[in-house]
1. Residues in segment 34-83 that are more than 26 Å from Lys206 (Cβ to Cβ), touching a helix residue (DSSP H, G or I) at 6+ places or on another chain (Cβ under 7 Å) and modelled with pLDDT of 95 or more: how many?
2. Taking segment 59-74 on its own, how many of its residues are closer than 15 Å to Ala97 by Cβ and in contact (Cβ under 8 Å) with a residue 24 or more places away in the chain?
3. If only one of Leu126, Leu153 is modelled with pLDDT of 90 or more and touching a Phe, Trp or Tyr at 6+ places or on another chain (Cβ under 8 Å), which one is it?
4. Can Pro138 be described as more than 18 Å from Leu121 (Cα to Cα) and within 17 Å of the chain's Cα centre (by Cα)?
5. Among the residues of segment 156-202 satisfying the criterion of being in a strand (DSSP E or B), among the small types (Gly, Ala, Ser) and touching a helix residue (DSSP H, G or I) at 6+ places or on another chain (Cβ under 9 Å), which is surrounded by the fewest Cβ atoms within 10 Å (Cβ to Cβ)?
6. Tell me, please, whether a residue that is surrounded by 12 or more Cβ atoms within 10 Å (Cβ to Cβ) and among the acidic types (Asp, Glu) can be found in segment 136-153.
7. List the residue pairs whose Cβ atoms are under 8 Å apart, where the first residue sits in segment 135-150 and is under 17 Å from Leu94 (Cβ atoms), the second is basic (Lys, Arg), and the two are 6 or more positions apart or on different chains.
Amino acid sequence: MYNVSRNNFYENQKSSTVFTPQGVSRFIFDVVASKIDKTRPVFDPCVGQGSLLHPFDDAGFKTVGLDIVDHGYKNTIIHNFITYDAADLATPALVIANPPFNIDPTTKVIISEHYGRRPLLPEVWLQRIIALFGKDIPIILFTPYGMRLNQSLSSKRWQKFTNGDYPKISSIIALPKDIYSDVMFHSEILIFNIAGLAPHYFYQPKRKADPKHPLSIP
């Protein structure tokens, strides 16, 4: 499902940060913006350079990001999300996150202590979001397909999705496997707790205005 030679972390070391393409950020915004409360902030707990928040900034939304390193986004809180208590943050209207593909040594130790040796990182971020803000908050989360697929009936993740520990999925955005620079990776975007969306979208780059494809309008 992906190119092992490009993704092998041990043979081809990579930063934990893989930036979200701006076209994907804009596509997400076009899908959800009309459903989001503009009086409260949109929060990205692994903000990087702020790609996911830029479209919301441009539209006048309040935004705030968090990251362990300052990558230059204007409203960045410097903190490790795994240990962040959100005491200085107003309850967000939306949490949007593309969690790290790999983890730095410090975060690895913290995660191992609290989530097991090799947890799926987007699931760790989902659990932390729920712990801080509750499971009813609107969430947009980038994940590999394995977050919801290829599970056994007895798997803990399957049980959490089916017994109500995790919120119900409102919609899914499918991404092409070559969407990221230098990484070939099977991924999708899960949207929780946002009503009024189509159940599924395929990402497509912007193109000329077409009344049959309103999400493609620049």
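The values are calculated or read from the model by the stated rules, or taken from the named source; none is laboratory data. Fair warning: this is a prediction, and the values are worked out from it, not measured in the lab. Ideal geometry is used to build each Cβ from the backbone, glycine not excepted, and the neighbour counts take in all protein chains shown.
1. Matching residues across segment 34-83 total 2.
2. Counting residues in segment 59-74 that are closer than 15 Å to Ala97 by Cβ and in contact (Cβ under 8 Å) with a residue 24 or more places away in the chain gives 4.
3. On the way: Leu153 fails: touching a Phe, Trp or Tyr at 6+ places or on another chain (Cβ under 8 Å).
Among Leu126, Leu153, only Leu126 is modelled with pLDDT of 90 or more and touching a Phe, Trp or Tyr at 6+ places or on another chain (Cβ under 8 Å).
4. Yes: the conditions hold for Pro138.
5. Filtering first and then ranking leaves Ser171.
6. no
7. Sorted first by the residue in segment 135-150, then by its partner, the pairs are Pro138/Lys35.
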